[in-house]
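Participant: Take this structure first; my questions come after.
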Amino acid sequence: MNLILLGPPGAGKGTQAKLVAEQFGIPQISTGDILRQAVKDGTSLGQEAQAYMERGDLVPDAVVIGIIEERLTQPDCQAGYILDGFPRTEVQANALAETLGKRGGTIDHVVNIEVSDEELIHRLTGRRTCKECQEPYNVTFNPPQREGVCDKCGGELIQRKDDDEETIRARLGVYREQTAPLVAYYEKQGLLRTVTGAGAIREIFDAVCGVVEGRS
Ligand code: ADP
Ligand code: ADP
Ligand code: ZN
């Protein structure tokens, strides 16, 4: 099963992708996580991406398409995967379709998570992220058991540099201009399933599972 999670920054893509990955035994592929790891490791990819990410801009299409093409050839993707944060432009969506076409693969569902801007800003300003495993937490909505410490791996929780209010607003603008058109793009292909992202994490997960299992 190949799944795309679509939605603005803060919609809960990472949170839901991790739950789906656990439930269905398929890998979560997050271009944001891969890029942040590259920045942390100081690789040439990280050096190229860092300035874009800090401004809240998209990293150039060719760079992220390269990352995804390489990642999808890994053996753990054989039984399917969940794409979190890719594609983010029509150029990326077309490249994905072409890559899948060559390998006889298809996208099964595109799950679009909808949340109001006000709620997104509230979520993102309160987000804390594990430095080691990138699990997302929230100081208000999803706090860890022990303040500042990841429940999953014991790693330190930090605030992402791009989760300050000014950069959040820039990212929401970028989403509206460059990524939101993908809603219509996948709707036309009959792949789009919209779920409301307002509500408890578990409730939204139920709705996402409903889509994946063909119940809705
Ligand atoms: P995205 O990957 O779409 O940017 P995340 O999964 O990182 O989103 O979630 C953004 C923030 O919102 C995190 O702090 C997360 O803990 C919180 N969050 C996720 N889902 C919900 C929800 N249903 N209700 C409230 N807060 C949520
Ligand atoms: P979000 O919380 O906004 O969903 P991500 O972790 O998905 O954050 O992405 C963080 C940053 O990484 C983005 O603002 C962008 O600079 C870069 N990035 C991630 N995925 C892509 C992509 N598919 N195309 C271009 N840039 C990307
Ligand atoms: Zn962790």
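Participant: So, in the stretch 70-95, of the ones that are surrounded by fewer than 14 Cβ atoms within 10 Å (Cβ to Cβ) and in a helix (DSSP H, G or I), which residue ends up nearest to ligand 2 (Cβ to nearest atom)?
Facilitator: GLU70
Participant: Among the residues of the stretch 100-118, how many are within 14 Å of ligand 2 (Cβ to nearest atom) and either open to solvent by 10 Å² or more (accessible area, probe 1.4 Å) or part of a helix (DSSP H, G or I) (or both)?
Facilitator: 2
Participant: Within the stretch 28-53, which residues are of a type outside the set (A, V, I, L, M) and more than 16 Å from ligand 1 (Cβ to nearest atom)?
Facilitator: LYS40, ASP41, GLY42, THR43, SER44, GLY46, GLN47, GLU48, GLN50, TYR52, listed by residue number.
Participant: Considering every residue within the stretch 133-143, establish whether at least one is open to solvent by less than 40 Å² (accessible area, probe 1.4 Å), under 30 Å from CYS77 (Cβ atoms) and of a type in the set (Asp, Glu).
Facilitator: Scanning the stretch 133-143 turns up at least one residue that is open to solvent by less than 40 Å² (accessible area, probe 1.4 Å), under 30 Å from CYS77 (Cβ atoms) and of a type in the set (Asp, Glu).
Participant: Something else now. For residues that are assigned to a loop (DSSP other than H, G, I, E, B) and within 16 Å of GLY199 (Cα to Cα), scanning just the stretch 121-142, find the one that is farthest from ligand 2 (Cβ to nearest atom).
Facilitator: So, considering only residues that are assigned to a loop (DSSP other than H, G, I, E, B) and within 16 Å of GLY199 (Cα to Cα), the one farthest from ligand 2 (Cβ to nearest atom) is THR140.
Participant: Which condition from (1) under 17 Å from GLY56 (Cβ atoms); (2) in contact with a helix residue (DSSP H, G or I) (Cβ under 7 Å, 6 or more places away or on another chain) is the one that ASN142 breaks?
Facilitator: (1)
The values are calculated or read from the model by the stated rules, or taken from the named source; none is laboratory data. None of these values were measured; they are calculated from a predicted model. No Cβ is skipped: glycine too gets one built from the backbone with ideal geometry, and neighbour counts run over all protein chains shown. The protein model used for the area step is the full one, side chains on, heavy atoms only, and it has no ligands, DNA or RNA in it. Shrake-Rupley method; radii C 1.70, N 1.55, O 1.52, S 1.80 Å.
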